[in-house]
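Quick note: the coordinates plus some simple rules give every number you see, no bench work behind them. As the structure is a prediction and not an experimental result, all values here were calculated from the model. Cβ atoms come from the backbone with ideal geometry, glycine included; neighbour counts cover every protein chain shown.
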Amino acid sequence: MAVLVAAVVGYGLAEWAGYPVPRGLAGAALGAVVAALVITARRPRVTVTREVYPDRVQRGRPSFARLRVENAGSRRQSEFTAGDLIGAGFHAVTVRALPPGAQAVYHYELPTRRRGRFQVGPLTLQRVDPLGLGRSRLTTGDTTTLWVHPHIYPVRALVGGHPRHHHEGRTSDDSLHGSLDLRDVREYVAGDEVRHLHWKATARTGQLMVRDYVDPNQPRFTALLDTRAELTTAAAFEHAVDLVGSLATASATAGHRCRLVTPGGLDVRERGGPSSVRRLLDELCQLEPAGGVAALVPTELARTGDHGGCLVVVLTGAHQADLAALASLRQHYTTTVVVVLGGGPTGVEVKVPGVRVLRATNAKDAARRWNLVVAG
């Protein structure tokens, strides 16, 4: 635009003053601007598809994007530069000239140094004339999501909860029904399985009686991650998320029922298995410190707990009131462990009667101490 304005003004002044050389230069500049507009007027017409593999990775692990650019038109597509949107940044891709019906595939590595959920795409196509006077842009192609999970350290799952088999101990009222473990013989209720009728008991009592099969409570793992912004730093919070992700992955992989709780209101419950690992890590990769939250222990967790199992509380700092709240949680859990990473801004000494306190400098150190002291 500046060149166009200067060319028009200069040509007018040269024409008014009668100087042929400045008039020729202004005319050449004006011609260059017109040529740039003609070159960039025809925008690239291509079809772009994108794949991210793998779409879920640990922080720092490699992930790649595959771009397939196809010229579906009947005219040759000249070379152009494209920028692929990745979160808040771009990755430049130079797309070579494509004959009609041809396609080209480009691979590049995605940045995974930061935990989070990132949108990859769309592709911004850009064409510039040789002198850089004109430029055209077109946004095209689909988008996909890259999940950068916390870094996972090898830790051993801590078994805490009720016995797995009915004959080893009683079950609780919230046990799952449908197992092969016989809990009781009771009167028939509308909706019960007819195949579970106990004919001998029915003949003896004169009423329909059924076998009550249940699934005893499995080992349980509950993680309480302190996300209060005033009690942590960015680096310490990342270590805390890494540690919780490592412990949750080990427990869910072992088939334990898992629960992830934060003071900010997050409360995720999973039944264990590979799908549970994925959902827990998806939640952790989007977790950020929360401001304006005073209490460490959410009301729901303090009121009910999980009636057995293992509770791990991960802190980077604490208030004095948090210690009493942690002490009150002991009645709900078989095992309670508090992990303190670093010193924390408050400097409050974390000491809870009857609760094991594990101190570590970072997530790697905490994982090592967990394997040696707690799970060992």
Gain upon complete extension [Ala203, Thr139; 0.36 nm per residue less C-alpha separation]: 15.4 nm
Net length gained if the chain between Glu51 and Gln286 were fully extended (0.36 nm per residue, minus Cα distance): 82.4 nm
Calculate how many DSSP beta bridges within the stretch 203-343 are antiparallel, expressed in % of all such bridges and rounded to the nearest 5. 20 percent
Dipole-positive endmost among Gly121, Ala92, Asn71 within the stretch 59-129 (Cβ charges, Cα centre): Gly121
Given the peptides 256-265, 236-245, arrange them by the average over their residues of other C-beta atoms within 10 Å, most packed first. 236-245, 256-265
Sites His107 and Arg278 - FRET efficiency at Förster radius 30 Å, r taken between beta-carbons, to 0.05: 0.75
Report the gain in length on full extension from Asp184 to Ala97: 0.36 nm times residue separation, minus Cα-Cα distance, nm rounded to one decimal. 23.8 nm
Long-range HN-HN contacts of Gly264 with modeled amide H, under 5 Å: Thr227
